[in-house]
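Single-structure report; data block below.
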Amino acid sequence: MFATLGSVVVTVAAAYGLYVLLRAYREFQGVRVVVCPETKAHAGVKLSAGRAAFSRLLGEPELRLSDCSRWPERRNCGQECLTRLEAAPADCLVRNMICRCYQDKSCALCGRNLSPLPWLERPALLSPEGRTFEWVQVPVEMLPQTLAAAQPVCWNCHVEAIFRRLHPAAPAGRPSQDT
């Protein structure tokens, strides 16, 4: 009886540990944008999610960078940017920056409400020059400036704009729904 109870306890503890590990890994993965304390410029960074997740099992997570857009030139930096990440790791995530950019906004071309941002729809942007582009085309370190200067555009308008660029002789506008 005690052997069965012991195996149940071990199984529950292992399942809980795995849950904590996976949740922490998900929390610490992803690209983030920080201001490099050394250069005072934006940098795209990735945390060592596995290391942070395993150390979370033992208490406080140990944060270390696994990649930075300033590397390899500044590979031996002191990683002082981690203090910002420790204070608010979710605020620096690129996906959260994108969601905030589209929150309570409408498409600059058709006026469709873009909030909340649908997970299956990739958002696009309209440059000050009037050209649409996907935010994933922007280098991570340039993302904050780009989001500040560009206007949000829905995916349908972006695809239509691409079609018009590729096929300028095609009839303009969408087909009539009156038929």
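The values are calculated or read from the model by the stated rules, or taken from the named source; none is laboratory data. This one's a predicted model, so the numbers in the text were calculated from it and none came from an experiment. Note that each Cβ is placed from the backbone with ideal geometry, even for glycine, and that neighbours are counted across all protein chains shown.
Quick notes on this structure:
- Selection count where residues are more than 27 Å from Ala88 (Cβ to Cβ) and part of a loop (DSSP other than H, G, I, E, B), scope the range 1-43: 1
- Filtering the range 62-78 to residues that are among the polar types (S, T, N, Q) and modelled with pLDDT under 85 leaves only Asn76.
- Entry remark, the range 113-134: residues being surrounded by 14 or more Cβ atoms within 10 Å (Cβ to Cβ), out of contact with any Leu (no Cβ under 7 Å at 6 or more places or on another chain) and either hydroxyl-bearing (Ser, Thr, Tyr) or in contact (Cβ under 8 Å) with a residue 40 or more places away in the chain (or both) number 1 in total.
- Test: Arg23 is of a type in the set (D, E, K, R) and surrounded by 14 or more Cβ atoms within 10 Å (Cβ to Cβ): no
- Flag for Gly59 being in a loop (DSSP other than H, G, I, E, B) and either in contact with a strand residue (DSSP E or B) (Cβ under 7 Å, 6 or more places away or on another chain) or without any contact (Cβ under 8 Å) to a residue 40 or more places away in the chain (or both): yes
- Restricting attention to the range 79-89, the residues being modelled with pLDDT under 80 and either part of a loop (DSSP other than H, G, I, E, B) or within 22 Å of Val138 (Cβ to Cβ) (or both) number 4.
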